[in-house]
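Visitor: My structure is below; once you've seen it, I'll send some questions.
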């Protein structure tokens, strides 16, 4: 079943009097449970595509269906509700609140969702345990290593139990060993049944995905899949 379905999706930006075609009309389907990497040089359209998939931006042409719903026609409030319910985000720069401890950072999406304090705390504690940071819940970001901060960011992305995890250069600020550990964690998240889409410029990172999309000048120029793994995995969250 297609979780992500783009039909003729394009994005044009105004730059003064000029118009920039960041993304030319493209069709794309990503099934529930896939693990996809998006690659391309600067200006290729990969960040624009990621923002549209993540409902952070809307296309100027075409239709985007997420889990069967046409999100390309939603207003900002309804898009925000979709983002909070369906999508978890992991960023290169972590985007954590420096004065709040790990537990509070992870709780934030649940605050926006309107959950009570007791439920928020319980779910945030479970999410931190899932990424191996149960014992660091009351440490603030400056007291954590880069890898620990990214784990907190991943826990925050998972705390609403989203179907889709989006990761934008998730290892960009980490050393190679820590980056490999984060990618193993992301693979475990995928194996547990979530759909994972990540943007990366590193071939080694992209090679861990089961499908690699390459963009250039706003077009998908390559769509390569690895052979299906023999090990069973959960799907259809």
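The values are calculated or read from the model by the stated rules, or taken from the named source; none is laboratory data. Since this is a predicted model, take the numbers as computed values, not measurements. Here the Cβ positions follow ideal geometry from the backbone for every residue, glycine too, while neighbour counts run over all protein chains shown.
Visitor: Return yes when residue 129 is surrounded by 23 or more Cβ atoms within 10 Å (Cβ to Cβ) and within 30 Å of residue 176 (Cβ to Cβ) and no when it is not.
Guide: Considered against the rule, which asks whether it is surrounded by 23 or more Cβ atoms within 10 Å (Cβ to Cβ) and within 30 Å of residue 176 (Cβ to Cβ), residue 129 comes out as no.
Visitor: Kindly indicate the residue of region 15-49 that is surrounded by 20 or more Cβ atoms within 10 Å (Cβ to Cβ), within 20 Å of residue 225 (Cα to Cα) and out of contact with any helix residue (DSSP H, G or I) (no Cβ under 9 Å at 6 or more places or on another chain) and also modelled with the highest pLDDT among those meeting that condition.
Guide: 36
Visitor: Let me ask another. Conditions: (1) touching a helix residue (DSSP H, G or I) at 6+ places or on another chain (Cβ under 8 Å); (2) farther than 25 Å from residue 34 by Cβ. Residue 164 meets all but one. Number of the miss?
Guide: Going through (1) touching a helix residue (DSSP H, G or I) at 6+ places or on another chain (Cβ under 8 Å); (2) farther than 25 Å from residue 34 by Cβ one by one, residue 164 breaks only (2).
Visitor: Condition (residue is buried (at least 24 other Cβ atoms within 10 Å of the Cβ), closer than 22 Å to residue 54 by Cα and either touching a residue at least 40 places away in the same chain (Cβ under 8 Å) or touching a helix residue (DSSP H, G or I) at 6+ places or on another chain (Cβ under 6 Å) (or both)) applied to region 169-179: is it met by at least one residue?
Guide: yes
Visitor: I need a count of the residues in region 4-19 that are out of contact with any strand residue (DSSP E or B) (no Cβ under 9 Å at 6 or more places or on another chain) and assigned to a strand (DSSP E or B).
Guide: Looking only at that region, the number is 2.
Visitor: Separate question: Is there a residue in region 58-66 that is under 30 Å from residue 227 (Cβ atoms), in contact (Cβ under 8 Å) with a residue 60 or more places away in the chain and surrounded by fewer than 20 Cβ atoms within 10 Å (Cβ to Cβ)?
Guide: Checking region 58-66: at least one residue is under 30 Å from residue 227 (Cβ atoms), in contact (Cβ under 8 Å) with a residue 60 or more places away in the chain and surrounded by fewer than 20 Cβ atoms within 10 Å (Cβ to Cβ).
Visitor: Sticking with this one: For region 96-118, which residues satisfy the criterion of being surrounded by fewer than 20 Cβ atoms within 10 Å (Cβ to Cβ) and touching a helix residue (DSSP H, G or I) at 6+ places or on another chain (Cβ under 7 Å)?
Guide: 97, 98, 108, 111, 112, 113
Visitor: If you take just the helices (runs of 4 or more DSSP H) that sit entirely in region 143-237, which of them hold at least 1 residues that are at pLDDT 95 or above and out of contact with any strand residue (DSSP E or B) (no Cβ under 6 Å at 6 or more places or on another chain)?
Guide: Passing ranges, in order: 146-158, 176-191.
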